[in-house]
Each structure stands twice: as C-alpha cells, then as structure tokens.
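A.B. asks: This is the structure I have questions about; it appears just below.
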Amino acid sequence: LNFVAQYFLNFIATAKPFKDPAEGYPITIPLPPQATLGFIGGFPVSFTFALAAIAFMIFFLNYTRSGYEIRAVGYNQLAAETYGIPFSRTILTSFFLGGALAGLGGTLEIVNIQGKLIEGFATTSGAQYGIFGILTCLIVQGNPIGIPFAAFFMSVLLVGADSLQRTMQIPVELVFLAQGIIVLLIVSFREFMNAKKK
C-alpha cells in the first residue's frame, strides 16, 4: 500500500486544480494561510502534536487492552496466542495505528512546514523518513518515552549528513552507512547486556 499512497499523492500534485502551474515539478499550489499552522516561540505548532502523540502512545500501550495485546505479541507471539490473544487482529491494529500516526506526521509536515504538497516530501537526501522511524524504534525497543531522545539523535545525524555533503563534499551514502553502523552497535550492545544479565 505504500506505492498506492505514493502514486495517489503524485496524482494530487499533478492534477488540476491542485498543481501549481508555475512549477515544473509535482507540487501543489500553496495552502491558504488559514489552512496552515504557525509557530510558537520559534517552534512549529506541529511539535505539540508530536508530544501529544507520544503521550497518547504511552497511555495506549500501558493502560489499554489493545496496547497490552500489542506488547504481548511483540514480546512473544506464541505465548500471546497461547493465552488467547488474537494475533491477526493485533497485527492489523498495530498496522492501522502506525499508519494513522504516519499520516498525521505527513499532514503536519505539509500544513506546518512545507505549506504545500511536494512529491517526495517524505524523502530527504535519498533516505525515507519511514526508515529513520524504524531505526529510531529499534534503538529504544519501541518504548515511547525514549522516542524523543532517539529521534533527536537521528535528526542530528540526518542534518549532519546534509551539511557534510554541502560543505566537505562527503557522499551522503557514507554518512548513512555510519548511521547504520552506529544503530547496529547500539542495538547489539543492548542485546549483549540483556543476554549477560540472564
């Protein structure tokens, strides 16, 4: 379904009356000011939505039945099924929830940062935001509390990759390689320490 969503957005960005006639790239006309979010103290309003989403996920995963089922299936699928937790329904719930949060993030990027729909806005320097999200989740083991810190760390690496490419002509692929190695080392060290405790 990723490609379905991608081509649907491409259609919107290239079809009348949405496409900006002054642009040669698939870009819509700018959103009207009343349809965009502003900034508070230099921070985009969408930042508050991100914090609210984190708070919601902390509550959902720790204090609801569906959240408990998602965590149980994530820890051990066979044990969860043994205790009567429906695996297929839980997977679908997590897919829909993840898709809704990703859609919220994309919408906020458009209405608060870009101000228009640009094809490929979810890709930067050849890397997709979704991949960065997966790596961020791996670092914190899916714990919503650690997401802001890991996301900030990944953002520093991402911005640094762009800066190194512009100022020192270092291929961005090398920076992404280093990023992958860093994530691999963090996850491997954590798993090693967990195994050592057992």
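The values are calculated or read from the model by the stated rules, or taken from the named source; none is laboratory data. Source: prediction; values computed, not measured. As a convention, Cβ positions derive from the backbone with ideal geometry for all residues, glycine included, and neighbour counts pool all protein chains shown.
A.B. asks: Can you name every residue in the range 1-18 that is more than 16 Å from residue 99 (Cα to Cα) and either of a type outside the set (Val, Ile, Thr) or touching a Phe, Trp or Tyr at 6+ places or on another chain (Cβ under 6 Å) (or both)? Give the steps one after another, and end with the answer.
C.D. replies: Looking only at the range 1-18, we keep the residues that are more than 16 Å from residue 99 (Cα to Cα), and these are 7, 10-18.
Within the range 1-18, 7, 10, 11, 12, 13, 15, 16, 17, 18 meet the criteria.
A.B. asks: Of all residues being of a type in the set (Val, Ile, Thr) and within 20 Å of residue 129 (Cβ to Cβ) in the range 158-180, which is surrounded by the fewest Cβ atoms within 10 Å (Cβ to Cβ)? Just the residue, please. Write out each step before concluding.
C.D. replies: First, the residues of the range 158-180 that are of a type in the set (Val, Ile, Thr): 159, 167, 170, 172, 175.
Now restrict to residues that are within 20 Å of residue 129 (Cβ to Cβ): 159, 172, 175.
Details: 159: 12, 172: 17, 175: 20.
Ranking the qualifying residues of the range 158-180, first place goes to 159.
A.B. asks: Taking residue 110 as meeting all but one of (1) buried (at least 17 other Cβ atoms within 10 Å of the Cβ); (2) more than 25 Å from residue 6 (Cβ to Cβ); (3) at pLDDT below 90, write down the number of the exception.
C.D. replies: Here residue 110 clears every test but (2).
A.B. asks: Can you spot a residue in the range 22-35 that is touching a residue at least 24 places away in the same chain (Cβ under 8 Å) and touching a Leu at 6+ places or on another chain (Cβ under 6 Å)? Can you show your working first?
C.D. replies: Start the filter on the range 22-35 by keeping residues that are touching a residue at least 24 places away in the same chain (Cβ under 8 Å), which leaves 25-31, 35.
Okay, now just the ones that are also touching a Leu at 6+ places or on another chain (Cβ under 6 Å), so 28.
For the range 22-35, residues touching a residue at least 24 places away in the same chain (Cβ under 8 Å) and touching a Leu at 6+ places or on another chain (Cβ under 6 Å): present.
A.B. asks: Taking the criterion of being among the aliphatic types (A, V, I, L, M), more than 20 Å from residue 49 (Cα to Cα), modelled with pLDDT under 80 and not in a helix (DSSP H, G or I), would at least one residue in the range 141-162 satisfy it? Spell out how you get there, then give the answer.
C.D. replies: Step one: list which residues in the range 141-162 are among the aliphatic types (A, V, I, L, M), which gives 145, 147, 150-151, 154, 156-159, 161.
When the remaining residues are screened for being more than 20 Å from residue 49 (Cα to Cα), the result is 156-159, 161.
From the residues that got through so far, the ones that are modelled with pLDDT under 80 too are 157-159, 161.
So of that shortlist, the ones also not in a helix (DSSP H, G or I) come out as none.
Taking every residue of the range 141-162 in turn, none turns out to be among the aliphatic types (A, V, I, L, M), more than 20 Å from residue 49 (Cα to Cα), modelled with pLDDT under 80 and not in a helix (DSSP H, G or I).
A.B. asks: Inspect the range 109-127 for any residue being of a type in the set (D, E, K, R) and not in a helix (DSSP H, G or I) and give the result as yes or no. Steps first, answer last, please.
C.D. replies: To start, the set of residues in the range 109-127 that are of a type in the set (D, E, K, R) comprises 109, 116, 119.
After this cut, where a residue has to be not in a helix (DSSP H, G or I) as well, the list is 116, 119.
Yes: one or more hits.
A.B. asks: With respect to the numbered conditions (1) surrounded by fewer than 14 Cβ atoms within 10 Å (Cβ to Cβ); (2) touching a residue at least 24 places away in the same chain (Cβ under 8 Å), which one is the sole condition not fulfilled by residue 155?
C.D. replies: (2)
A.B. asks: Out of 117, 51, report the one residue that is over 15 Å from the mean Cα position of the chain (by Cα) and among the aliphatic types (A, V, I, L, M). Give the steps one after another, and end with the answer.
C.D. replies: Values: 51 fails: over 15 Å from the mean Cα position of the chain (by Cα).
Of the residues listed, the single one that is over 15 Å from the mean Cα position of the chain (by Cα) and among the aliphatic types (A, V, I, L, M) is 117.
A.B. asks: How about the range 98-115: which of its residues are touching a residue at least 12 places away in the same chain (Cβ under 8 Å) and either in the same structural domain as residue 137 (by TED's automatic domain parsing) or of a type in the set (A, V, I, L, M) (or both)?
C.D. replies: 101, 102, 104, 108, 110, 111, 113
A.B. asks: Same structure, new question: When only residues in the range 171-198 that are β-branched (Val, Ile, Thr) and modelled with pLDDT of 75 or more count, which is farthest from residue 146 (Cα to Cα)? Quick ask: steps written out before the conclusion?
C.D. replies: First, pick out the residues of the range 171-198 that are β-branched (Val, Ile, Thr): 172, 175, 181-183, 186-187.
Then keep just the ones that are modelled with pLDDT of 75 or more; that gives 181-183, 186-187.
Details: 181: 20, 182: 17, 183: 14, 186: 14, 187: 14 Å.
Checked the range 171-198; the qualifying residue farthest from residue 146 (Cα to Cα) is 181.
A.B. asks: Do any helices (runs of 4 or more DSSP H) lying entirely in the range 1-97 carry at least 2 residues that are farther than 24 Å from residue 107 by Cα and assigned by TED's automatic domain parsing to the domain that holds residue 111, and which ones are they? Break it down stepwise before answering.
C.D. replies: Working: elements: 2-14, 46-63, 65-75, 77-82.
Output list reads 46-63, 65-75, 77-82.
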